[in-house]
Amino acid sequence: MGAVRDPLNARPSPLRSWYGRALVASELRPKAHGEEIRFEIHARPRAKRSRIVGVRGEALEVALAAPPVDGAANDELVRLLAAALGVPRRDVTILRGETSQRKLVAVRGVTPEAAVALLLPDAG
C-alpha cells in the first residue's frame, strides 16, 4: 500500500502560500477613507523581480527587486502599485512603515473593489 500524500505538502499553486493556506482575494480588504483607499502591504525586498505575490493574512504580499536601502524598496513599491492600479505615482502614498516590511498604503483614484480586481485578477 502506498504512502498517503498530504495535499498541503505538495507544491503550492500560485494562489496558495507555502504553509498551505489558500490565498483568496476576499482576505484583502482595502478600506475607503475619504477620497482614497488604504490597505496593508507585506514587502519582500531583494527579490529577483518586482511583482505582486498574493495575500498574506489581510495584507497584499509584494516582492520588490530593490534593496531596502535609502528608500529604494519604497520607491519600487510605489512604482509597482501605481502601474498595477493605473494611477499616477503621486496618488500612491506610504502612510506607515517606511522602514518596515509591514506598510500601510493609501491610493487615490480607485475604488476598493477595483483595487482588488486589479491587484489580484486570478483570485476570483
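The values are calculated or read from the model by the stated rules, or taken from the named source; none is laboratory data. Because the structure is predicted, anything quoted here is derived from the model rather than measured. Heads up, the Cβs are rebuilt from the backbone with ideal geometry, glycines too, and the neighbour counts pull from every protein chain shown.
Details
- For the range 63-89, a tally of residues being within 16 Å of GLN101 (Cβ to Cβ), surrounded by fewer than 19 Cβ atoms within 10 Å (Cβ to Cβ) and in contact with a Leu (Cβ under 8 Å, 6 or more places away or on another chain) returns 0.
- Hits in the range 66-124 (condition: modelled with pLDDT of 95 or more, more than 17 Å from GLU40 (Cα to Cα), of a type in the set (A, V, I, L, M, F, W, C) and in a helix (DSSP H, G or I)): ALA72, ALA83
- Note on the range 29-52: among residues that are small (Gly, Ala, Ser) and surrounded by fewer than 20 Cβ atoms within 10 Å (Cβ to Cβ), the one that is nearest to ALA115 (Cα to Cα) is ALA32.
- Annotation note: Cβ proximity below 6 Å between a residue of the range 91-106 that is of a type in the set (Phe, Trp, Tyr) and a residue that is at pLDDT 95 or above and loosely packed, with under 12 Cβ neighbours inside 10 Å (sequence gap 6+ or interchain) occurs for no pair.
- VAL55, sole failed condition from (1) of a type in the set (A, V, I, L, M, F, W, C); (2) surrounded by 14 or more Cβ atoms within 10 Å (Cβ to Cβ); (3) modelled with pLDDT of 95 or more: (3)
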